[in-house]
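**Student:** The structure follows.
The values are calculated or read from the model by the stated rules, or taken from the named source; none is laboratory data. Keep in mind that this is a model prediction, so the values were computed, not measured. No Cβ is skipped: glycine too gets one built from the backbone with ideal geometry, and neighbour counts run over all protein chains shown. For accessibility, only protein heavy atoms count, side chains too; no ligands or nucleic acids. Shrake-Rupley method; radii C 1.70, N 1.55, O 1.52, S 1.80 Å.
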Amino acid sequence: MIKNLCMIFSMLSLNAPLFGQHPNPDRTFTRMSDNKTVVARIVSYDGKKVILKVKGSKEFTFDPGIFIDTDQKHLDDWLLTSRGLPARSDLDTRIKPGASFRVEMPGLAPTFLKQPAGFTISIPPDYSYPNPVPLLVFLNGGSGNESLDAAKSITEGKSYVLVSLPFSSEIKKDGPLGQSKKNMELIEAYHEAMLKELQTLVPNLSETHRILAGSSNGAHIIGAAIALDWDCYLDFFRGFVLWEGGGSISRDFKAAKGKGYCSWVGWGGKSEFKDFTIGVAKAMDDSRMNITKEEIGSAGHGMNKDAQLAVGKWLSEVAEPAFVRISENN
C-alpha cells in the first residue's frame, strides 16, 4: 500500500547522512503538488509504483504520478535501462513514427548498384518505444535494389519495421547468387554488419516476430544461407519467405530442421523458372523443414500483387500465430 505521502515528505530530512554507495545514485525527487523534495535512490520500479530508498531513512512506495515531469522521465529511463534498453534520450533521433530513411554505413564496400553502403528502413506510423515491434526484411531480386514496395504490400495494414538490404559490390553476379560460396561469404559479412546496426537503431525489435523475405536472387541468398547455416540469419529471424528462388550448392536445408521456423515458398504459374523453385520446395521438404508451398497462377517470375497478398495471408494465418506461441512459451 502506498504510504501517506504528506507524512513521509514532512518526516524526511534532506541533510541526513548517506549510507554507502549504490548502483543507482541518490537524486532529488520533487512532489508536483507543492514542490517538496526528498533525496532517494530507486530500489525498484514496474511502471505503476516505485520503491525509493530515502537518504537517511528507509524504503517507501510511491505512485510515480505524484512527481514532477523531470522525475517521471528519469523513472521511465531507469525502467528502460534496467531492462537492457537504451533510455529514450539515447535513441537515434531518426527513429520515430512514420519515418523512412537510408542508414549509411561508410565502413562497408559500396552496394552492387554502386551506391554508398547502407540500407533503407521504414518505421510504422504507430511505433511506440519500448513496445516490441515486428520486423520484415526484404531482399529484392536482380541486382538487389532497396525498394520496399513488395514489403509494404505484404504487410499492408500491419505495424512492421520494414528494411531492404542491398548486395555488396564485391560479389560477382555470374548466375544464381546461392551457387557461389565466395559470393555468399561476402554477402554474409555485409548483411551481418547491417543487421547489427539495425538492432542498435531499433533496440525494441520483437524477439519472435522477425521475417526475412526474398525474390529471385534475394530468395537464392536466403536458400543458400539456410543451407550454409548462417548464424546471422538463422539466429536472428523466425520465418523465411522465398519467391522464385532458393538455390544453394548443396540443396541440404537440414540446418533449419526442428527449429520451428515458419517458411513460405512460392512460384509463378506462368514462370519459366517455376520447376526450379518447385525443386527447392521439395528439397526443403526432404530436409524436413516446415514450409507452406504455393503456386500463384497469375504470376510470372516477378512477385506480383497476387503473390504479395498470398504472403500477407500466410503471415496473418500461419506465421504470426506461431510467433505468438513461441513468445508465450519463452
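**Student:** Which shape class applies to the range 220-267: rounded if a/c is under 1.5, otherwise prolate when a/b exceeds b/c and oblate if not, where a ≥ b ≥ c are the square roots of the Cα gyration tensor eigenvalues? Don't jump to the answer; show the numbers that get you there.
**Tutor:** Values: a/c = 1.59, a/b = 1.17, b/c = 1.35.
Oblate.
**Student:** If you average 1/r across every pair of different Cα atoms in the range 179-327 and take the reciprocal, what Kirkwood value do you get, in Å?
**Tutor:** For the range 179-327, inverting the mean 1/r across all distinct Cα pairs yields 15.5 Å.
**Student:** If R0 is 35 Å, what FRET efficiency do you get for K73 and K196 from their C-beta distance, rounded to 0.05?
**Tutor:** Values: r = 29 Å, r/R0 = 0.82.
The pair K73/K196 has a calculated efficiency of 0.75.
**Student:** May I have the pair-distance distribution P(r) for the chain, computed from all Cα-Cα distances with 20 Å bins from 0 and rounded to whole percent?
**Tutor:** 29, 43, 21, 8, 0
**Student:** Over the range 32-103, what relative contact order in percent results from Cα pairs under 8 Å that are six or more residues apart? Provide the component values of the computation, followed by the final result.
**Tutor:** Working: 66 pairs, mean separation 13.5, N = 72.
Computed value for the range 32-103: 19 percent relative contact order.
**Student:** What is the percent carbon and sulfur in the accessible area of the chain, measuring with a 1.4 Å probe over the protein chains and ignoring ligands?
**Tutor:** Values: 7800 of 15540 Å².
Reported share for carbon and sulfur atoms: 50 percent.
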